[in-house]
Amino acid sequence: MRKIIINIVILFALILNLSCSIYSFHGNNPPEGIKTVFVPLFEDVSGFSEANLKENFTEALKSRIISDNTFLITDKTKADGLLTCTISTIKDDPLVISGNDNVTKRKITISVKVNFQNLKKQKLIWERSYDNWGDYNSSGNTFSERETGITTAMNKICDDILNDITSNW
């Protein structure tokens, strides 16, 4: 009898444990009918001169989409969905100013406008703007570590875009 009670308690604990792990806040509920997406090269209308910015943004977003495994990346002729992304503004502002008015840390803020379209229905799913930032150390008038701030802001924005295209909330 004691063995039966122990087995029932273990079974109940397993069921309770499994039922708690089903729900997540990630959503993973993409728009209906969208299984493949095309991500063209980001457009840059910011006027900010940073080499390979469009290419780095595009590859970072594609990499996240591939890693997430909700969508397949394909060319436009085979895609169900299209993500059109435009870098609209980039600001590089002082963040920390030390003695003698020396800027020791700077803040890069990037804004990206994104259109998500259903190519099969020729319909706009949504249009959103994303803003995020990254900081970097600066010594004197050099911007040698600016890439660090740009990469941080870029990664945050790509994560936000991925969350929105996969959650459909």
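The values are calculated or read from the model by the stated rules, or taken from the named source; none is laboratory data. Computed from a predicted structure; not experimentally measured. Note that each Cβ is placed from the backbone with ideal geometry, even for glycine, and that neighbours are counted across all protein chains shown.
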Seminar exercise, completed: So, first residue more than 28 Å from E147 (Cβ to Cβ) and crowded, with 18+ Cβ neighbours inside 10 Å in the range 66-92, second residue at pLDDT 95 or above and hydroxyl-bearing (S, T, Y), Cβ within less than 9 Å, six or more apart or across chains; the pairs are F71/T36; A79/T36; D80/T36; D80/T74; G81/T36
For this session: Would you check if there is a residue in the range 112-131 being at pLDDT 95 or above, in contact with a helix residue (DSSP H, G or I) (Cβ under 8 Å, 6 or more places away or on another chain), more than 16 Å from C85 (Cα to Cα) and not hydroxyl-bearing (S, T, Y)?
Result: no
Exercise. Out of all the residues in the range 145-166, is one or more buried (at least 16 other Cβ atoms within 10 Å of the Cβ) and not in a helix (DSSP H, G or I)?
Worked result: no
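Of everything in the range 110-144 that's of a type in the set (G, A, S) and in a loop (DSSP other than H, G, I, E, B), which residue is surrounded by the most Cβ atoms within 10 Å (Cβ to Cβ)? Full working, then the answer.
Here is the first cut: in the range 110-144, the residues of a type in the set (G, A, S) are 111, 129, 134, 138-140, 144.
If we keep only those that are in a loop (DSSP other than H, G, I, E, B) as well, we get 138-140, 144.
On the way: S138: 21, S139: 12, G140: 9, S144: 11.
Among residues in the range 110-144 that are of a type in the set (G, A, S) and in a loop (DSSP other than H, G, I, E, B), the one surrounded by the most Cβ atoms within 10 Å (Cβ to Cβ) is S138.
Results for (1) of a type in the set (D, E); (2) at pLDDT 85 or above, shown as yes or no for each residue.
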| position | (1), (2) |
| --- | --- |
| I10 | no, no |
| L16 | no, no |
| Y23 | no, no |
| P40 | no, yes |
| D44 | yes, yes |
| K54 | no, yes |
| A60 | no, yes |
| A79 | no, yes |
| I87 | no, yes |
